[in-house]
Amino acid sequence: MAFNVASASPSLPAGAARAGRPSVLRLGLSRVAIELKVYFRNVEMMFFTFLLPILFLFIFASVFSGDINAGPGVKVNFTNYFLPGIIASGVMSATFASLAISIAIEQHEGMLKRLAGTPLPKASYFIGKLGLAVVVTLAQTAIMLVAAILLYGVELPAGPHRWAVFLSVLVLSAATGAVLGIAYTRLVPNAKSAPAIIQPPFLILQFISGVFFRYGEIPGWLQAIASIFPLKWMSLGFRYAFLPDSFGEFEYGADWGWERPILVLTAWLVAGFVLALLFFRWDRQRE
Amino acid sequence: MPTAISVQSLRKSYGSFEALRGVDLEIDRGEVFSLLGPNGAGKTTFVEVLEGYRARTAGDARVLDADPGSAGSAWKARIGIVPQSTTLFDELTVREIVTHFAGFYPAPLNPARAISMVGLDEKADARCGKLSGGQKRRVDLALGMIGDPELLFLDEPTTGLDPEGRRQLWGIVREFAALGKTVLLTTHYLDEAEALSDRVGIIDRGALVALGPPATVGGRDRERSIIRFGLRGPLATTTLPEISGELTHEGQRVVISTVHPAATLRVLLAWADECGEPELPALTVSRPSLEDVYLTLIAHDGTPGEGA
């Protein structure tokens with residue numbers, strides 16, 4: 001097949017002509033830039049998946065006051081206790097919910113089909129979506145951390161080990177949320193119902209995964225259900241990073257077990273990647 | 001002339017429904033080809049197989065010397081697609097989306113020039129979500145042409161455009177075709193097919209039922225012409241001459257249906273001269289329109305379409 005497209009036929013003046021084919025990575029980065037523009041200009045999307053988790057932080061800090069004790073002389077304030085769960089919930093919003101909604105709409109309204117008809121490599125499209133998820137997650141988490149430190153005196157993870165766990169869980173959570181969001185689009189029957197199909201299960205998970213309530217106070221059978229899904233493990237990983245060691249006694253088996261969130265999230269990431277490959281479709285307009 | 005599109009015995013089934021029942025078609029490079037047909041006839045299925053969106057069930061298809069079912073991104077860089085749907089990214093401006101798409105291609109048009117070509121200079125910095133239907137259609141066209149393709153697919157390009165917008169779009173397509181490029185167009189507008197295309201194909205119930213230049217497709221040139229004129233003064237009182245064809249009267253008007261319109265007119269004009277009338281009053285001569293031919297061909301009378 002001929003690659004010399006430029007010289008294959010008499011052309012209209014090609015002012016911006018460049019030699020060679022654009023690389024997958026460069027196109028991926030150009031997709032990231034355009035995805036970010038679309039995301040931050042879409043007021044509804046921005047509000048529900050970017051600002052709302054940040055608002056939750058302020059609401060929690062205002063509604064709940066006082067301290068939680070864990071052992072003699074060890075206590076943290078409520079905001080400090082709930083911050084890890086709210087960060088986890090924010091990551092899910094910025095990755096899972098925002099990608100599932102935006103991709104479902106793009107599938108059903110033909111934008112993806114339009115892209116599929118161009119030479120844009122499929123990998124570049126996914127680089128764009130993952131890049132969007134990562135940038136939004138980092139921006140959102142950074143805003144929450146700065147607000148929590150400046151306004152509520154929350155303490156940052158203590159020591160390099162807890163920092164390492166925090167960053168590992170953050171990266172794993174963002175990646176897992178993104179691939180699961182891509183896979184979840186298969187359950188969305190049309191563009192209009194996308195938010196309605198995506199938000200309720202996510203909301204329920206937040207209630208039972210220790211985001212809005214102390215995980216230890218949730219009935220055992222709900223804990224068991226929550227343990228199947230990744231949000232509980234994201235919250236646990238972040239709690240380990242942000243809370244004093246003695247809070248581990250509130251966790252399952254009265255022990256942090258910080259390795260478990262990393263293992264479970266890695267397993268979910270692999271599973272989510274396979275599901276995304278199986279379930280993703282470029283065009284669902286006629287279904 | 002080398003072929004741009006070559007299709008043999010193309011079939012496409014969805015379950016037990018046969019959307020395409022064996023289509024054969026060759027389109028030359030540099031040709032503007034229009035595909036006509038009623039809704040559900042298989043137009044879009046046919047075009048989407050050639051665009052690489054759908055896998056064919058049987059038969060052979062070559063588009064720019066490649067199999068559209070397996071061609072990669074180097075091939076996609078040589079075609080341009082203007083789809084039926086007009087959904088754009090509402091949050092992006094015209095300039096942003098056109099520039100973004102230009103980046104996908106090895107040798108794109110200048111984005112500002114592409115925007116100018118489709119007449120959107122004044123809307124270049126408006127968000128796509130704020131554009132009218134017709135303006136969105138122009139963005140679709142700019143996106144289809146931005147890669148400077150050798151072959152352009154236009155799926156009902158002027159649906160939703162006002163008459164002026166249609167004429168402008170026709171001008172753009174003609175300009176594009178004048179560069180030796182190939183255009184495959186589907187349309188519901190017969191005047192559009194007639195104005196733009198070198199050849200038209202009429203597709204009905206999954207089969208090509210007629211194929212040829214717009215002036216002759218479906219035996220249009222062999223059909224009878226209709227001569228009409230009024231009778232007044234001496235014409236009304238003199239016997240009409242002998243002519244070949246069927247003659248009927250519609251009140252004070254004469255209607256002649258003939259396969260030899262020029263010869264018939266010569267006889268009639270000589271007769272009018274003899275009567276002392278230099279003109280045949282309210283004279284019209286009409287050939288069957290493409291629409292007449294089209295409606296005859298797709299008239300469903302219970303028998304399957306020919307040419308399958």
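Just give me a number: lysine pairs in region A:31-130, eight or more positions apart or cross-chain, with C-alpha atoms less than 28 Å apart.
Close lysine pairs under the 28 Å cut-off: 5.
List the aspartates and glutamates whose Cα lies under 12 Å from the Cα of residue B:130, skipping any in the same chain that are fewer than 8 positions away.
Within the straight-line cut-off, residue B:130 pairs with B:90, B:91.
On a 1.4 Å probe surface of the protein chains, which of B:148, B:28 comes out largest in accessible area, and what is the full order?
Correct descending sequence by accessible area is B:28, B:148.
Evaluate the protein assembly as shown: find the radius of gyration of its Cα atoms, find its Kirkwood radius, and give the ratio Rg to Rh.
Radius of gyration over Kirkwood radius for the protein assembly as shown works out to 1.17.
From the protein chains alone at 1.4 Å, what is the descending order of accessible area for A:192, B:12, B:76, B:130, largest first?
In descending accessible area the options line up as A:192, B:130, B:76, B:12.
Per the Kirkwood definition applied to all pairs of different Cα atoms, how many angstroms is the hydrodynamic radius of chain A?
Over chain A, the inverse of the mean reciprocal pair distance is 20.4 Å.
Can you give the relative contact order of region A:23-279 as a percent, counting alpha carbon pairs under 8 Å and 6+ residues apart?
27 percent
Rolling a 1.4 angstrom probe over the protein chains, ignoring ligands and nucleic acids, what is the accessible area of residue B:85 in square angstrom, nearest 10?
Residue B:85 has an accessible surface of roughly 30 Å² with all protein chains in place.
When ligands, DNA and RNA are left out and all protein chains stay put, how many square angstrom of accessible area per residue does chain B have with a 1.4 Å probe?
Dividing the accessible area of chain B by its residue count gives 42 Å².
Starting from 0 in steps of 20 Å, tell me what percent of the Cα-Cα pairs of chain B lands in each bin.
Bins of 20 Å from zero give 29, 45, 22, 5 percent of pairs.
Looking only at the protein assembly as shown, where both bridge partners belong to it, what percent of the DSSP beta bridges are antiparallel (to the nearest 5)?
70 percent
Can you give the relative contact order of region B:52-123 as a percent, counting alpha carbon pairs under 8 Å and 6+ residues apart?
Reported relative contact order: 20 percent.
On C-alpha positions alone, give me the angle between the axis of helix A:230-242 and the longest principal axis of chain A, in degrees, nearest 10.
That works out to roughly 60 degrees.
Which value, in Å², gives the accessible area per residue of chain A when a 1.4 Å probe is used on the protein heavy atoms?
Ligands and nucleic acids excluded, the result is 44 Å² per residue.
Say the dipole of the protein assembly as shown comes from +1 at the beta carbon of Lys and Arg and -1 at that of Asp and Glu; which of B:104, B:40, A:135 then lies farthest toward its positive end?
A:135
Buried accessible area for the B:A pair, summed, 1.4 Å probe, in Å² rounded to 100?
Accessible area lost upon association: around 4000 Å².
Taking all protein chains in place and a 1.4 Å probe, what share, in percent, of the accessible surface of the protein assembly as shown do carbon and sulfur account for?
Answer for the protein assembly as shown is 60 percent, counting heavy atoms of protein chains only.
Mean residue ellipticity at 222 nm from the helices of chain A, using -39,500 (n - 2.57) per DSSP H segment of n ≥ 4 over the full residue count, to the nearest 500 deg cm²/dmol?
-20500 deg cm²/dmol
Considering Cα pairs under 8 angstrom that are at least six residues apart, work out the relative contact order of chain B and quote it in whole percent.
19 percent
To the nearest 10 Å², what's residue A:134's accessible area with a 1.4 Å probe?
About 70 Å², ignoring ligands and nucleic acids.
How big is the accessible area of residue B:294 in square angstrom, nearest 10, if you roll a 1.4 angstrom probe over the protein chains?
For residue B:294, the solvent-accessible surface is approximately 30 Å².
The values are calculated or read from the model by the stated rules, or taken from the named source; none is laboratory data. Please read these numbers as outputs of a predicted model, since none were measured by experiment. Positions of Cβ are backbone-derived with ideal geometry, glycine not excepted, and every protein chain shown enters the neighbour counts. The accessibility values were calculated without ligands, DNA or RNA, using every heavy atom of the protein model including side chains. Shrake-Rupley method; radii C 1.70, N 1.55, O 1.52, S 1.80 Å.
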